[in-house]
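J.: Submitted below is the structure of interest, expressed as structure tokens.
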Amino acid sequence: SKNPSLRPGGCVGREKPGWGMSFVGRNRNVIVAAFLVLLASVVALAATLGVQASSSSSKGSRPSGDAGSIAPDMESEPEEAPTMEKGTSKNPSLRPTSTPSSGAPTINDDDTETDSAYTAAAARRRYDLLLAIVAGDRISTPATLSDPSSPQRRALEWMAYDDVLVASSDTYFPLPLMSDGHYNNVTPYHRRRLIQRYVLSVVYFVTNGEEGWWEDVEFLSEGDECVWTGGVDDPMDIAFKGVRCDDDGAVTMVSLSVNGLTGPIPHELCRGLPSLSWLALGHNSLTGAILPCLGDPELLPQLSLLFLSHNDLVGSIPSDFGLSPPPPSRAVEEQERPSTNSNSSSSSSSSLSFLSFSSNDLTGTIPSSLGTLSELATLALYDNELTGTIPSSLGSLPNLKGLLVENNMLTGSLNFMCRDDDEDEDEGGNEEGEEEKDSNQFEGIKAD
């Protein structure tokens, strides 16, 4: 019957199942199982997406010490590298978190690689050698080297942990680095280059180069210290600032006048730059006393120009300025002298030809030791608070052309500065000769 509702005994409205209903009925269990599997897959996928979203949102707040921060996120954009300031670590992982006050820092690592200059172990070996050289040659005092906050210690750590050139160039260390750390093949050349770079770094930190210098003139840059200069390349230009070296890479000039330097003059300048011939630090705000070692002809045998005018230096001019250490203390002094002078001139005669201490706050008298500076052509001591007389020893200087001592509290006569070419002919020393001598006094010099 095509109309089951008319069929007697039939169920009104009930239709015989077709193919589709018959398939579902026969495969009901299979369909239910497949649906459950699909539902479980959807739940698992949703959970995975939720975990990833949570991880991405908390990534920026992960502590620096979390090991999870080591793995890179391949789906996120790389973060921009932070900008490092001068004197700070460019590779903080090489710096120890703490350093003992007595010497080299302790780095807890088991790195024994010898083919990489950028490992913590290599940095520690550089520090150990630098400390041994600087302390052994008495470039800096043990007290400053053991003080973690001292400029000397900061310079040492910068070279060991942050100075890329020192880590990668065989100019300063023989490469590859030796795992035993003894560096038996360090040559005098390596030693000299390490010391002079250290000394210049000390000058930067001592005189507040990070915040006070008007021009950084490339100090503490990754370049060779012989090209740490400003925008003017000609060292004879009055605007030149920076460092110059000779053909052997030895520092011969340090010119940092008119550059905002503050603090004392570091004594490392005397002990680590034996080839220095030009030291110009005028028109700054340097404080403290004049270092006697700046006039020592054995420590600085080639120094010809010393310009310290227009600063805030105090005290008196050292009484032995220009003299070598006296013979009784020579044996002790030799033990304290840096070995970097072993190849320099052994002459005890100073090379100073230009000496200027003018416009400071100097007191006391003019020392007679300045009369031993046989090469001196110009001596400028004006605008201070000097007292006493001008020493007669200055009259024997054969090359002296300029003596500038005005605006002090000096007394006495300058007759000893007069040179009479006819003095030998006037054997009797008559009054006429005396009058001529008096009339030949230097003009423009005020002694009172």
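J.: Might you work out the accessible area of Ile290 for me, using a 1.4 Å probe with all protein chains in place, and round it to the nearest 10 Å²?
T.: Taking all protein chains as shown, Ile290 has close to 10 Å².
J.: Considering only DSSP states other than H, G, I, E and B, which chymotrypsin sites (Phe, Trp or Tyr not before Pro) in the stretch 180-254 qualify as loop sites with at most 15 other Cβ atoms within 10 Å?
T.: Passing both the DSSP loop test and the Cβ count: Trp214.
J.: Where only protein heavy atoms count, and the probe is 1.4 Å, what is the accessible area per residue for the stretch 217-318 in Å²?
T.: On a per-residue basis, the stretch 217-318 sits at 32 Å².
J.: Given a Förster distance of 35 angstrom, what is the FRET efficiency for Thr363 paired with Asn399, based on the Cβ-Cβ distance and rounded to 0.05?
T.: My answer for the efficiency is 0.80.
J.: Can you send over the carbon and sulfur percentage of the accessible area for the stretch 233-320, probe radius 1.4 Å, protein chains only?
T.: Its accessible area is 55 percent carbon and sulfur atoms.
J.: Wrap a convex hull around the Cα atoms of the stretch 204-280, take a quarter of its surface area, and give that in square nanometres.
T.: The number I arrive at for the stretch 204-280 is 5.0 nm².
J.: Packing-wise, with mean Cβ within 10 Å as the measure, how do 150-162, 402-414 rank, highest first?
T.: Result, highest mean first: 150-162, 402-414.
J.: Something else now. Within 9 Å, Cβ to Cβ, of Gly231, how many net charges do the neighbouring residues add up to if Lys/Arg are +1 and Asp/Glu are -1?
T.: -1
The values are calculated or read from the model by the stated rules, or taken from the named source; none is laboratory data. Treat the numbers as computed from the prediction; the structure is a model and nothing was measured. No Cβ is skipped: glycine too gets one built from the backbone with ideal geometry, and neighbour counts run over all protein chains shown. Ligands, DNA and RNA are stripped out before the accessible areas are found, and what is left, the full protein with its side chains, is counted by its heavy atoms. Shrake-Rupley method; radii C 1.70, N 1.55, O 1.52, S 1.80 Å.
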